Amino acid sequence: MDILKHLDNFISSRHLKRGEFANIISLSSSYVSEILSGKRDISIKFKKGFQSAFGFPIEELPYRVQISPENNSTQDPAKATDETIYCKIPLFNIKASSGHETFVNNEKIGADLIFRRDWLDRELKSNPNNLFILSAESDSMEPTIQHDALLIVDKSIDRIITEGIYILRRGDTILIKRIRKLSENMIELISDNPAYGKETIELNNQPEITILGKAIYIWSGRKI
């Protein structure tokens, strides 16, 4: 499915007309209509408008499933169950290191945290089945991520699409790093704390590196 189909599904899922969508991303209806109809390529200003309005880059749209309760149009609100209002997100017993000093390999689930589905829809725009939570155990991503902060991670984003903060496994160690894609085979691992350095990695030479997901929310309430 190409990005235009995902866009069309996304707009429909939010019950928007094309003109309303164009207004939200601050572009003219005619300009947006030409893009959605395939008559014009997706432009930089379209991408910027989308990310500003919805909080994530358009490139991630195929990996983010819009949440809408099943049979929403026919369900009696008075009979809504807890399952339609709330959902559980697992809290993993993993202490992820932002630096390079922590060795962690305990992946047992510690607990489930309860979230309102409408909050997840509004704030994260991700399928709750793709989410998990873990804690940061280093200061190397400060001030963006404080030591002991809880992170909500989307595990469906398991490759580097756009620059962001990702959870990765390197051998037996789990790290939190800002990752910048330099080429198809080259990435840069960045610590937001200037006291820590950067590292350029050639993926062909690092087969032990696995992307576990992208951090999309900090538990303190600051969206990434």
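The values are calculated or read from the model by the stated rules, or taken from the named source; none is laboratory data. Being a predicted model, the structure only gives us computed values, none of them experimental. Ideal geometry is used to build each Cβ from the backbone, glycine not excepted, and the neighbour counts take in all protein chains shown.
Structure values in brief
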{"quantity": "Residues of the stretch 177-196 satisfying the condition of being under 13 Å from SER140 (Cα atoms) and either loosely packed, with under 11 Cβ neighbours inside 10 Å or outside the structural domain of GLU142 (by TED's automatic domain parsing) (or both)", "calculated": "PRO194, ALA195"}
{"quantity": "Filter pass, ILE187 being touching a strand residue (DSSP E or B) at 6+ places or on another chain (Cβ under 9 Å), of a type in the set (A, V, I, L, M, F, W, C) and in contact (Cβ under 8 Å) with a residue 40 or more places away in the chain", "calculated": "no"}
{"quantity": "Strands (runs of 3 or more DSSP E) fully within the stretch 161-224 counting 1 or more residues that are within 20 Å of the chain's Cα centre (by Cα)", "calculated": "164-170, 173-183, 186-190, 209-218"}
